[in-house]
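**Student:** One structure follows; several queries about it will come next.
Taken together, the values in this text are just the output of simple stated rules run on the coordinates, not laboratory data. Just so it is clear, the structure is predicted and the values come from calculations on it, not from any experiment. Using ideal geometry, Cβ is built from the backbone for each residue, glycine included, and neighbour counts are taken over all protein chains shown.
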């Protein structure tokens, strides 16, 4: 099982396809994020899904339940295997996303990896990142979501209280990589050791001189964890 999901965070569908094709034999799937969704639209999901790898549509749905249900339905129909929705939207909204997908595939976003402990009070949250992520994971489990998105630093927190949820982890950076705008990060090995089911990796692969080689290197580094 290949646990690497490559983030195709590029502005055009042509660039996304050009990035994805050489990686097909080395990764487990692709993330289509907001940049592509706001440009090419749902055809981006259809096109990448046609490469015969699962697509993770990082739409970060967050709206009233009816709107989220309809959006999730459209995203699922376009061929996405997974879609993200903000856990902060509440149980009813997450349940609507699950209903819209009509199957497993909803991943609840807990806390963005660009935020730190110091940012939470500013947005009215008094909990620590670990406690807040666990509370969001509880909502995801109650709503019937398949999994959560959380940073590497909260993987163990989630797995200890909601072991049935799959954990998808962005903020994964090999030892020699820059962290860019991510704040709560870890190496691929550390993330897998702590229990991440899938690693969402962008720039360390897509900006590498040889993206396929970078993907192979990450895959080799986590092979001992299954």
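**Student:** For a bin width of 5 Å, list the pair-distance distribution of segment 6-116 built from all Cα-Cα distances, rounded to whole %.
**Tutor:** That works out to 2, 14, 24, 22, 18, 13, 6, 1, 0, in percent per bin.
**Student:** Now for a separate question. Please compute the volume of the convex hull spanned by the alpha-carbon atoms of segment 77-204 and report it per residue in Å³.
**Tutor:** Numbers: hull volume 13.5 nm³, N = 128.
Normalising the Cα hull of segment 77-204 by residue number yields 106 Å³.
**Student:** Cβ neighbours within 10 Å, averaged per peptide: list 67-73, 107-113 in order, most packed at the top.
**Tutor:** Working: 67-73: 19.6, 107-113: 24.4.
By packing density, highest mean first, the sequence is 107-113, 67-73.
**Student:** For the chain, what number results from the quotient of the Cα radius of gyration and 2.2 N^0.38 Å? Walk me through the numbers on the way to the answer.
**Tutor:** Details: Rg = 16.4 Å, N = 226, 2.2 N^0.38 = 17.3 Å.
Compared with the compact-globule rule of thumb, the chain sits at 0.95.
**Student:** Once you have the Cα-Cα distance between residue 225 and residue 24, take 0.36 nm times their residue separation minus that, and quote the gain in nm to one decimal.
**Tutor:** Numbers: separation 201, 0.36 × 201 = 72.36 nm, distance 2.15 nm.
Contour length minus the Cα-Cα distance gives 70.2 nm.
**Student:** Specify the inter-centroid distance of segment 186-216 and segment 17-94, based on alpha-carbon positions, in whole Å.
**Tutor:** What the calculation gives is 20 Å, centre to centre.
**Student:** Roughly what would the spin-label model give for residue 210 and residue 114, points 7 Å off Cα along C-beta, in nm?
**Tutor:** For residue 210 paired with residue 114, the spin-label model returns 3.3 nm.
**Student:** For residue 142 and residue 51, compute 0.36 nm times the residue count separating them, minus their Cα-Cα distance, and round to one decimal in nm. Show your work: numbers first, answer last.
**Tutor:** Numbers: separation 91, 0.36 × 91 = 32.76 nm, distance 3.35 nm.
Working it through step by step, the gained length comes to 29.4 nm.
**Student:** Now for a different question. Given Cα pairs under 8 Å that are at least 6 residues apart, what percent is the relative contact order of the chain? Provide the component values of the computation, followed by the final result.
**Tutor:** Numbers: 477 pairs, mean separation 41.7, N = 226.
With pairs under 8 Å counted, the relative contact order is 18 percent.
**Student:** Starting from the Cα of residue 104, step 7 Å toward the Cβ, then list every residue of segment 72-98 with an amide N under 14 Å from that point.
**Tutor:** Of the residues in segment 72-98, 81-83 have backbone N under 14 Å from the label point off residue 104.
**Student:** Further question: Choose one answer from 190, 49, 40: the residue with the largest mean-square fluctuation in a GNM of the chain with alpha-carbon springs under 10 Å.
**Tutor:** Of the options given, 40 has the highest mean-square fluctuation.
**Student:** Another question, if that's okay. Counting only the backbone N, which residues of segment 37-66 are under 15 Å from the spot 7 Å out from the Cα of residue 15 toward its beta-carbon?
**Tutor:** Within reach of a label on residue 15: 37-41.
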